[in-house]
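So the structure is just underneath, and the comments pick up after that.
The values are calculated or read from the model by the stated rules, or taken from the named source; none is laboratory data. Since we're looking at a predicted model, the values are computed, not measured. Heads up, the Cβs are rebuilt from the backbone with ideal geometry, glycines too, and the neighbour counts pull from every protein chain shown. Just the protein is used for accessible areas: all its heavy atoms, side chains included, with ligands, DNA and RNA removed. Shrake-Rupley method; radii C 1.70, N 1.55, O 1.52, S 1.80 Å.
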Amino acid sequence: MTGAQSRLTLALIARIPLEGVAEFQAYEERVLPLIAAHGGALERRLRNADGSVELHIVSFPSDDAFAAFRTDPGRAAVAHLLEASGARTELFTLQDVI
């Protein structure tokens, strides 16, 4: 198995009420840079026209690296922005099929 194949790949879908888009985007501006600090990569970030739906494809070298990202104090410090946004998120662990 190559390094790319052994990476943990995740897809996050966030559905954000229109009145919470600014808070969600402020949260993302602070949190997305932390991915790289834990060896991860933001592979793709997609958003619809009004900002009410975002899709992120991210990868990490291991489950432990992802767990460290999830518990990063910088992420916890801005969790109030995510909560204030009212976003509902779904997280999926995925694998390449080709």
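Spot the failing condition for residue 7; the list is (1) free of Cβ contacts under 8 Å to residues at least 12 places away in the same chain; (2) touching a Pro at 6+ places or on another chain (Cβ under 7 Å), and only one is missed.
Here residue 7 clears every test but (1).
Among the residues of the range 27-61, write down those that are under 21 Å from residue 76 (Cα atoms) and of a type in the set (S, T, N, Q).
Residue satisfying the conditions is 59 alone.
Which residue is modelled with the lowest pLDDT, if the candidates are limited to the range 1-10 and must be of a type in the set (A, V, I, L, M, F, W, C) and not in a strand (DSSP E or B)? If you could, list the steps in order and put the result at the bottom.
Residues of the range 1-10 of a type in the set (A, V, I, L, M, F, W, C): 1, 4, 8, 10.
Among the residues that remain, those that are also not in a strand (DSSP E or B) are: 1, 4.
On the way: 1: 45, 4: 52.
Looking at the filtered set, the residue picked out is 1.
For the range 72-87, give me each residue that is surrounded by 14 or more Cβ atoms within 10 Å (Cβ to Cβ) and part of a helix (DSSP H, G or I).
Residues satisfying the conditions are 75, 81, 82, 84, 85.
Name the residues in the range 41-98 that are more than 19 Å from residue 11 (Cβ to Cβ), of a type in the set (D, E, K, R) and in contact (Cβ under 8 Å) with a residue 24 or more places away in the chain, would you?
Result: 50, 72.
Could you list, in sequence order, the residues of the range 11-28 that are in a helix (DSSP H, G or I) and either more than 11 Å from the chain's Cα centre (by Cα) or not acidic (Asp, Glu) (or both)?
Correct list: 18, 19, 20, 21, 22, 23, 24, 25, 26, 27.
If we keep just the residues of the range 36-71 that are part of a loop (DSSP other than H, G, I, E, B) and not small (Gly, Ala, Ser), which is most open to solvent (accessible area, probe 1.4 Å)?
71
Can you pull out the residues in the range 4-35 that are hydroxyl-bearing (Ser, Thr, Tyr) and loosely packed, with under 14 Cβ neighbours inside 10 Å?
Once the filter is applied, which keeps residues that are hydroxyl-bearing (Ser, Thr, Tyr) and loosely packed, with under 14 Cβ neighbours inside 10 Å, the range 4-35 yields only 6.
When both residues are 6+ apart or on different chains and their Cβ atoms are under 7 Å apart, which pairs have a first residue that lies in the range 13-40 and is in contact (Cβ under 8 Å) with a residue 60 or more places away in the chain and acidic (Asp, Glu), and a second that is part of a helix (DSSP H, G or I) and surrounded by 20 or more Cβ atoms within 10 Å (Cβ to Cβ)?
Note: pairs meeting the criteria are 23/81; 23/85.
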